[in-house]
Each structure stands twice: as C-alpha cells, then as structure tokens.
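Colleague: Right, I'll just put the structure down here and ask away after.
The values are calculated or read from the model by the stated rules, or taken from the named source; none is laboratory data. In this text the structure is predicted, and so the values were computed from the model without any measurement. FYI the Cβ positions are ideal-geometry reconstructions off the backbone, even for glycines, and counts take in every protein chain you see. In case anyone asks, the SASA skips ligands and DNA or RNA and just uses the protein heavy atoms, side chains included. Shrake-Rupley method; radii C 1.70, N 1.55, O 1.52, S 1.80 Å.
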Amino acid sequence: MKTPKIVKTRSELKAAIAEANPGSLGFVPTMGALHDGHASLFKAAREENELVVISVFVNELQFNDAADYSKYPRTLDSDVQLAAGAGVDIVFAPEAQEIYHAGLPLIRLNSGALGEMYEGASRPGHFDGMLAVVAKLLHLADPRQGEYRAYFGQKDAQQVVLIQRMVADLDYAVQLRSVPIVRSEEGLALSSRNALLNEEQLQAALVLHRAISLIAGRAARHEPLNLEDAIGMFQMEPLVELDYFVVVDPANLQELAFNCQDTPFTGEGLILVAATVGGVRLIDNQPI
C-alpha cells in the first residue's frame with residue numbers, strides 16, 4: 001500500500017500533478033472525516049484514471065452555524081490512511097488562507113433557485129459556499145492536458161445537481177461522475193456526521209432508510225406512492241425531527257405533481273429526505 005503524497009499549497013499541487021504527467025486524472029473533493037463512502041469515490045476514480053487526487057478541506061463558507069463548523073471532525077492522519085488503502089496518489093490538504101488567500105471571497109457564485117430549496121432552505125448560503133470552493137478546487141486540480149474527471153457522492157443529490165449545472169453553465173473542461181450511496185448493514189447512508197450519534201440515535205435514524213424503502217418499493221410496483229405513510233413513520237420516532245420527505249424530478253429537483261397523489265407511479269423520480277437526530281442533520285435519497 002503506497003502512502004499518498006501530501007501537499008499543502010496550490011503550487012505544490014500543480015508541481016505534483018505536472019511531475020506525474022498523467023494521461024487522465026480523477027479528482028475527489030472532500031471535507032475529510034473520511035469513511036467507506038468516500039473510499040468508494042476514490043476507488044471509482046482509481047478504476048478510470050492514471051492519477052487520483054483528493055482534497056481535504058473543511059470549507060467555512062458551507063456552514064451557516066459557527067458551532068457546527070468548529071465541531072466538524074478534522075482527522076487528517078486517519079484520512080490519509082484510508083486514502084492510501086483506496087489507491088489515492090495525492091492528498092491536497094490546504095489551510096484556509098491557501099484557498100481564500102485574500103480572506104473570504106467578495107465575489108461568489110450564486111446557486112440560484114436550485115440552491116434555495118430543500119437543503120438550501122434549511123441552511124441558507126450553504127450551496128453558494130459549496131460552489132465557491134468546488135469551483136476553485138476544480139481549477140486547482142485541473143491537469144490542463146489529458147482526461148479530467150471529478151467524483152461526487154450521490155448522497156448529496158442536490159449538491160450533485162448544482163455542480164452539474166455549474167460545470168455546464170461555466171464550461172468547465174471536466175467530466176463529472178456521481179457514485180452511488182454506500183450504506184451500513186442496517187441501511188443508514190454513511191456520513192461523517194453519523195459519528196456524532198449515540199447508539200440509540202443511530203437506531204432511530206434508520207427510519208430514513210425504512211421510509212425511503214417503503215416508497216421505492218411502491219414505485220417499483222407502479223403503485224400510488226402515498227407519501228403520508230412514509231411521513232407517518234417519522235412521527236413514530238420521537239428522537240427524529242423530519243424536515244422534508246419529497247419525490248422530485250432528478251434533473252431539476254422540482255416536486256413531481258403526482259408524488260402525493262393516489263395515481264400509479266410512472267416515469268422516474270428521486271426521493272429526498274432530511275431529518276435531525278439528536279441535533280445532527282442527516283440526509284438521504286434514492287432514485288426511483
């Protein structure tokens with residue numbers, strides 16, 4: 001198992017990429033606290049590319065709660081070990097001043113209407129901050145020659161849609177890959193935030209997957225979805241506070257007209273759910 005090269009500055013990153021001179025580069029931006037879900041992204045990148053680069057950077061602009069930002073886990077040593085096991089070549093782990101060298105940016109991307117719904121409604125400014133750093137990181141990791149691909153987890157479905165739109169709108173020369181959700185044996189979507197839950201809360205959090213499975217099963221059988229049944233499952237879990245449970249168009253995240261109706265399900269959709277468990281916000285989704 002080869003230990004990845006750790007670089008801290010943009011000049012070191014550029015030099016490391018230039019030295020490798022890859023015919024193809026796979027890039028995975030992360031905020032660290034890595035787990036098997038991240039490893040699946042790294043392995044997908046490894047399968048398709050000569051060089052695999054990841055970033056580990058906790059982006060302040062994505063947090064609208066200073067306390068949430070300060071308590072977000074920073075575990076670079078263990079992150080590098082996991083990255084090594086998944087075949088990563090370079091870990092870019094910059095300090096904040098390296099990314100935002102003139103202080104927090106005055107000019108930012110606006111995530112628009114797509115960024116104001118669902119997660120954006122509950123976390124104002126989150127997606128503007130996410131796009132700000134992803135836009136920078138995609139530039140910094142660009143090999144300038146050969147094939148260039150970037151990998152994102154499907155668990156953050158709204159984020160994936162917004163990045164796809166940004167790349168299309170701004171003509172980035174990068175191919176995007178969305179990698180399926182990795183789950184625990186019980187069905188909980190893997191997340192860095194899961195580590196903040198105790199055993200009782202982890203058990204309560206499984207209602208997200210149970211509710212999704214109920215509706216996904218109905219969709220597969222082309223039955224009416226009756227989302228009220230899924231929403232009722234959350235009402236039976238006192239430790240869980242539901243934010244939203246909806247079925248949307250995967251392309252634009254608009255709620256499908258039939259998602260709460262009694263007509264048979266046809267076509268394609270995406271189940272989105274967000275809930276708070278023990279003060280920890282969890283999200284999940286599933287294409288149907």
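Colleague: Against the conditions (1) assigned to a helix (DSSP H, G or I); (2) open to solvent by 20 Å² or more (accessible area, probe 1.4 Å); (3) out of contact with any strand residue (DSSP E or B) (no Cβ under 9 Å at 6 or more places or on another chain); (4) modelled with pLDDT of 95 or more, where does MET166 fall short? Just the number, please.
Modeller: The failed condition is (2).
Colleague: Would you confirm, using the coordinates I've provided, whether ALA96 is touching a helix residue (DSSP H, G or I) at 6+ places or on another chain (Cβ under 9 Å), open to solvent by 10 Å² or more (accessible area, probe 1.4 Å) and at positive phi?
Modeller: On the way: touching a helix residue (DSSP H, G or I) at 6+ places or on another chain (Cβ under 9 Å): yes; open to solvent by 10 Å² or more (accessible area, probe 1.4 Å): yes; at positive phi: no.
No; evaluated as a whole, the condition is false for this residue.
Colleague: Quick one: what pairs do we get from segment 266-288, first residue open to solvent by 50 Å² or more (accessible area, probe 1.4 Å), second of a type in the set (Phe, Trp, Tyr) and modelled with pLDDT under 95, C-beta under 9 Å, 6+ apart or different chains?
Modeller: Short answer, once both residue conditions are applied: THR266/PHE258; GLY267/PHE258.
Colleague: Being out of contact with any helix residue (DSSP H, G or I) (no Cβ under 7 Å at 6 or more places or on another chain), surrounded by 14 or more Cβ atoms within 10 Å (Cβ to Cβ) and over 23 Å from ILE54 (Cβ atoms): is that true of ARG123 here?
Modeller: Spelling it out, ARG123 is indeed out of contact with any helix residue (DSSP H, G or I) (no Cβ under 7 Å at 6 or more places or on another chain), surrounded by 14 or more Cβ atoms within 10 Å (Cβ to Cβ) and over 23 Å from ILE54 (Cβ atoms).
Colleague: Quick one: in segment 138-153, which of the residues that are in a loop (DSSP other than H, G, I, E, B) and out of contact with any strand residue (DSSP E or B) (no Cβ under 7 Å at 6 or more places or on another chain) is most open to solvent (accessible area, probe 1.4 Å)?
Modeller: The first filter runs over segment 138-153 and keeps only residues in a loop (DSSP other than H, G, I, E, B), leaving 141-146.
If we keep only those that are out of contact with any strand residue (DSSP E or B) (no Cβ under 7 Å at 6 or more places or on another chain) too, we end up with 144-145.
Values: ARG144: 162, GLN145: 100 Å².
Only one residue fits best here, namely ARG144.
Colleague: Looking at (1) surrounded by fewer than 18 Cβ atoms within 10 Å (Cβ to Cβ); (2) farther than 19 Å from GLN175 by Cβ; (3) more than 18 Å from the chain's Cα centre (by Cα), which one does SER24 not meet, given that it meets all the others?
Modeller: Every condition holds for SER24 apart from (2).
Colleague: Exactly one condition in (1) among the acidic types (Asp, Glu); (2) open to solvent by 70 Å² or more (accessible area, probe 1.4 Å); (3) over 25 Å from the mean Cα position of the chain (by Cα) is not met by GLU237; state its number.
Modeller: (2)
Colleague: If we only count strands (runs of 3 or more DSSP E) wholly inside segment 170-288, which ones have 2 or more residues that are β-branched (Val, Ile, Thr)? Steps first, answer last, please.
Modeller: Values: elements: 175-179, 240-248, 270-277, 280-287.
Ranges flagged: 240-248, 270-277, 280-287.
Colleague: Considering every residue within segment 126-137, establish whether at least one is open to solvent by less than 40 Å² (accessible area, probe 1.4 Å), part of a loop (DSSP other than H, G, I, E, B) and not assigned by the TED database to the domain that holds PRO250.
Modeller: no
Colleague: Do we have ASP156 as open to solvent by 60 Å² or more (accessible area, probe 1.4 Å) and modelled with pLDDT of 95 or more here? Don't jump to the end; show me each part of the working.
Modeller: On the way: open to solvent by 60 Å² or more (accessible area, probe 1.4 Å): no; modelled with pLDDT of 95 or more: yes.
The answer is no for ASP156.
Colleague: Among LEU214, LEU206, LEU202, which is the only one that is outside the structural domain of TYR72 (by the TED database), modelled with pLDDT of 95 or more, under 21 Å from the mean Cα position of the chain (by Cα) and under 20 Å from GLN154 (Cα atoms)?
Modeller: On the way: LEU214 fails: under 21 Å from the mean Cα position of the chain (by Cα); LEU202 fails: under 20 Å from GLN154 (Cα atoms).
Being outside the structural domain of TYR72 (by the TED database), modelled with pLDDT of 95 or more, under 21 Å from the mean Cα position of the chain (by Cα) and under 20 Å from GLN154 (Cα atoms) holds for just one of LEU214, LEU206, LEU202, which is LEU206.
Colleague: Quick check on segment 10-18. Is at least one of its residues of a type outside the set (Gly, Ala, Ser), touching a strand residue (DSSP E or B) at 6+ places or on another chain (Cβ under 6 Å) and not in a helix (DSSP H, G or I)? Let's see the steps before the verdict.
Modeller: To start, the set of residues in segment 10-18 that are of a type outside the set (Gly, Ala, Ser) comprises 10, 12-14, 17.
This time we only want the ones that are touching a strand residue (DSSP E or B) at 6+ places or on another chain (Cβ under 6 Å), so: 13.
If we keep only those that are not in a helix (DSSP H, G or I) too, we end up with none.
Taking every residue of segment 10-18 in turn, none turns out to be of a type outside the set (Gly, Ala, Ser), touching a strand residue (DSSP E or B) at 6+ places or on another chain (Cβ under 6 Å) and not in a helix (DSSP H, G or I).
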